[in-house]
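Read through the structure below, which is laid out as structure tokens, and then see the notes.
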């Protein structure tokens, strides 16, 4: 058990005992010099990204003993069968460890897929399929099983993400668990064929006009997420993953509703492959070597050049992060290449593997050093 978890349990036990025996517990005053510095997006130098196996003891121990400036985590309690998982406790313990060892309150973001329904979330019903309900528009274009692009402007989907559906919403879950904001995956829903075709048919307009309307609706959706969350937390952060081309449809509006952008695989990606004997591929198997060191332009010609052009158009007005599926393994030094040559001046990098089920140590981010609590200054 980590020191942070043990301290939290002992403190809770002590307070409970005091209350039981009617003992008055004095208020704790924190001296101004002991108030931790809140990390800002513009100051992040090292970050990490973990959206599988977050609920396991292995990942608890790995996460809590680190001191990254920013964490992106799966909200495991929104998965079916895991409502009782203490995601708030994990967030708290990560935060307290960082405060203890370096006096910094890190940014901790909730990973949420805002453009696709996922059949393992609390809201999913077994009777649902493409077209029923009608806001489930199609299959994932990259064959991610259980993921379905949605009409993100539909009231039911917005209830699921923002306002509440069957007593819960993604935004409220993140706030209740103590996250600092949302890390929005699948913003690229605005350019998905099933989405654009739906708007085209709905409004009887051409494809270009439908694409512009899809972009407008996505920006409005993000604005609703931001506005609703900030009613409870005025500092709630909005970080978009991928879909850098959305910025070009309305740069001023984009920069008004999004606090930062993160890109996957600008230079290096992975492939799912054929999988092992159980059919588990590199997107789920951390040890599968196909999950990293695949040149992105080999999979999607000129992807790198297009994304870099989008970032250049942003002109440095937003913080930019990148998750590169690159490792120093098998005689290749791809992660080191990302940290030392490719990312500087472009994005704050994190080199990892497609499975995103552990924290990458091959190598650790350039300049990062884990601190133990006995090193606190």
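Taken together, the values in this text are just the output of simple stated rules run on the coordinates, not laboratory data. All values derive from a computational prediction rather than experimental measurement. Counting neighbours? That spans all protein chains shown, and the Cβs are built from the backbone with ideal geometry, glycine included.
Per 0.36 nm of contour for each residue apart, how much would the distance between residue 209 and residue 124 grow if the chain were fully extended, relative to their Cα-Cα spacing?
Result: 27.4 nm gained on full extension.
Taking R0 as 25 Å, what FRET efficiency do you get between residue 361 and residue 341 from their Cβ-Cβ distance, rounded to the nearest 0.05?
0.80
How much of the DSSP beta bridge set in the range 39-375 is antiparallel, as a percent to the nearest 5?
30
So what's the angle, to the nearest 10 degrees on a 0 to 90 scale, between helix 207-232 and the longest Cα principal axis of the chain?
It is inclined by approximately 20 degrees.
Shape call for the range 261-377 from the C-alpha gyration tensor, a ≥ b ≥ c root eigenvalues: rounded (a/c under 1.5), prolate (a/b greater than b/c) or oblate?
oblate
Counting other C-beta atoms within 10 Å, which of 339, 350 has the fewest, and how do the rest follow?
Listed from fewest to most nearby Cβ atoms, that is 339, 350.
Arrange the following residues from fewest to most other Cβ atoms within 10 Å of their Cβ: 72, 320.
Sorted ascending by nearby Cβ count, the order is 320, 72.
What is the helix-to-structure angle for 87-102, meaning the angle in degrees between its Cα long axis and the longest Cα principal axis of the chain, kept from 0 to 90 and rounded to the nearest 10?
60
What 222 nm value per residue comes from the helices of the chain, counting each DSSP H run with n ≥ 4 as -39,500 (n - 2.57) and dividing by all residues, nearest 500 deg cm²/dmol?
-9500 deg cm²/dmol
What shape does the range 100-156 have by the C-alpha gyration tensor, where a ≥ b ≥ c are the square roots of the eigenvalues, rounded means a/c under 1.5, and otherwise prolate means a/b greater than b/c and oblate the rest?
prolate
Assuming 0.36 nm per residue, please report the length gained on full extension of the stretch residue 252 to residue 302 beyond their Cα-Cα distance.
15.4 nm
Between residue 369 and residue 105, what FRET efficiency follows from the Cβ-Cβ distance if R0 is 22 Å, with the result rounded to 0.05?
0.70
Rounded, prolate or oblate: which one fits the chain, using the alpha carbon gyration tensor with axes a ≥ b ≥ c (rounded when a/c is under 1.5, else prolate when a/b beats b/c, else oblate)?
Prolate is the answer for the chain, as a/c is 1.5 or above and a/b outweighs b/c.
Kindly express, to the nearest 10 degrees and within the range 0 to 90, the angle between helix 3-20's C-alpha long axis and the longest C-alpha principal axis of the chain.
In the chain, helix 3-20 runs at an angle near 60 degrees to the longest axis.
Beyond 15 Å, how much of the Cα-Cα pair distribution for the range 149-217 remains, as a whole percent?
Within the range 149-217, distances greater than 15 Å cover 59 percent of Cα pairs.
Using 7 Å Cα-to-Cβ label points, what is the residue 144/residue 45 separation (nm, one decimal)?
3.2
Which residue, 49, 68, 85, tops the fluctuation ranking in a GNM of the chain built on C-alpha contacts under 10 Å?
85
Of all the Cα-Cα pairs you can form in the range 152-294, what percent are over 19 Å apart?
61
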